[in-house]
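Participant: I'd like to ask you about the structure that follows.
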Amino acid sequence: VQLVESGGGLVQTGDSLRLSCVISGGTFSTLAVAWFRQAPGKERYLVAVINKSGGNTYYERSVKGRFTISRDNAENTLLLQMNELKPEDTAVYFCAAGSKSPLWYLGDVDYWGQGTQVTVSS
C-alpha cells in the first residue's frame, strides 16, 4: 500500500489549504484512514480521523470547526480541507492508513505517506 500526499505549502494566517492523499496498492474502502501532523521538535499526533464508510469523523480539539476530513472511496483519495489556518498549524502533515478502525494511535497505523509541509505565516 502506498500513500502519496499533496497540497501543502506556505500560506498566511486565515488562508485555506486542501491536502490530498492518494492511496494505491490496497482496497481503499477497507482501510481506516487519518491525518496526523508533526511540528519541529514535537511528537506526531492525530489531527483528524474518519471511519471506513466516511460516516463518522473525529477532530483534535484545536482544529475542530476549521478542518474537515473526507474520503472518496471511488477515487481512493483522502482529503483534509483546512480553513482559517493559524501559525500553530505549521507542521508536516502525514496521511495514515491501517486495518484497525478508527485509527486513534500511532501504533495502529500500518502505512504512512511521506508527509507534506504546511507553513502558516503570521
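The values are calculated or read from the model by the stated rules, or taken from the named source; none is laboratory data. Since this is a predicted model, take the numbers as computed values, not measurements. Here the Cβ is made from the backbone with ideal geometry for all residues, glycine too, and neighbour counts use every protein chain on show. Accessible surface areas use protein heavy atoms only, side chains included; no ligands, DNA or RNA. Shrake-Rupley method; radii C 1.70, N 1.55, O 1.52, S 1.80 Å.
Participant: Name the residues in segment 21-59 that are within 12 Å of VAL118 (Cα to Cα), under 13 Å from the mean Cα position of the chain (by Cα) and either open to solvent by 20 Å² or more (accessible area, probe 1.4 Å) or among the polar types (S, T, N, Q) (or both), would you?
Facilitator: GLN38
Participant: So, one more: Of the conditions (1) open to solvent by 20 Å² or more (accessible area, probe 1.4 Å); (2) more than 14 Å from the chain's Cα centre (by Cα), GLY7 satisfies every one except a single condition; which number is it?
Facilitator: The one condition GLY7 does not meet is (2).
Participant: Now for a different question. Of the conditions (1) out of contact with any strand residue (DSSP E or B) (no Cβ under 6 Å at 6 or more places or on another chain); (2) open to solvent by 40 Å² or more (accessible area, probe 1.4 Å); (3) charged (D, E, K, R), ARG18 fails just one. Which one is it?
Facilitator: Evaluating ARG18 over (1) out of contact with any strand residue (DSSP E or B) (no Cβ under 6 Å at 6 or more places or on another chain); (2) open to solvent by 40 Å² or more (accessible area, probe 1.4 Å); (3) charged (D, E, K, R) leaves (1) as the failure.
Participant: Looking at (1) within 16 Å of ARG18 (Cα to Cα); (2) not in a loop (DSSP other than H, G, I, E, B), can you tell me which one TYR58 breaks?
Facilitator: All conditions pass for TYR58, except number (1).
Participant: Please verify whether segment 63-82 includes one or more residues that are more than 30 Å from SER121 (Cα to Cα) and assigned to a strand (DSSP E or B). So that I can check it myself, show each step before the final result.
Facilitator: First, the residues of segment 63-82 that are more than 30 Å from SER121 (Cα to Cα): 72-76.
With assigned to a strand (DSSP E or B) added as a condition, the list becomes 72.
Scanning segment 63-82, I find at least one residue that is more than 30 Å from SER121 (Cα to Cα) and assigned to a strand (DSSP E or B), so the answer is yes.
Participant: Condition first: buried (at least 21 other Cβ atoms within 10 Å of the Cβ) and of a type in the set (D, E, K, R). Now tell me which residues in segment 78-122 satisfy that.
Facilitator: ASP89, the sole residue that qualifies.
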